[in-house]
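The values are calculated or read from the model by the stated rules, or taken from the named source; none is laboratory data. As the structure is a computational prediction, the values presented were derived from the model and not from experiment. Cβ coordinates were reconstructed from backbone atoms using ideal geometry, including for glycine residues, and neighbour counts include every protein chain displayed. All accessible areas refer to the heavy atoms of the entire protein, side chains included, with ligands and DNA or RNA removed. Shrake-Rupley method; radii C 1.70, N 1.55, O 1.52, S 1.80 Å.
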Amino acid sequence: MKSQQRKKLEGNGLWEGSRMKMPEHKNRILDDSLKEEVRLKPDLDPQALVEISQVLAQSLEDCSPITLTVFKEYEDMQIHGIVTRVDQQLKQIKFRQDDDWEWIKLDNVVGVSM
């Protein structure tokens, strides 16, 4: 215990032990730690891609609701709705949720379920 007290009194230890963080600095530290946790998009195997395309086609054909798992940098997002249109040229789907819709890039879809 005495060795810890001595360390605090030696060199810059006195100042190091009494530092305070300003809110701006704390926010910057948190932002930097989040940037370190950015994930890479997983590579899907061919069987998973076939399953995704089959479920999307079925939802488009019979307007059945599905749940998409969409890749995001920090955490995957789950969206529940119906596929209303597929744009093969731009590789995206028009996905309707309740009273709203959005275009979702097919490259960002990492999973589907009925």
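General observations
- Only residues that are of a type outside the set (S, T, N, Q), assigned to a loop (DSSP other than H, G, I, E, B) and farther than 14 Å from PRO65 by Cα were counted in segment 86-114, giving 2.
- Scanning segment 57-76 for residues that are in contact with a Leu (Cβ under 9 Å, 6 or more places away or on another chain) and modelled with pLDDT of 95 or more, we see that the one that is surrounded by the fewest Cβ atoms within 10 Å (Cβ to Cβ) is ILE66.
- Residue list for segment 78-91, filter: farther than 16 Å from MET114 by Cα and either open to solvent by less than 70 Å² (accessible area, probe 1.4 Å) or in contact with a Cys (Cβ under 9 Å, 6 or more places away or on another chain) (or both): VAL86, ASP87
- When residues in segment 68-82 are screened for being assigned to a strand (DSSP E or B) and not hydrophobic (A, V, I, L, M, F, W, C), 4 of them pass.
- Among the candidates ARG96, ARG39, ARG28, residue that is open to solvent by 70 Å² or more (accessible area, probe 1.4 Å) and touching a strand residue (DSSP E or B) at 6+ places or on another chain (Cβ under 7 Å): ARG96
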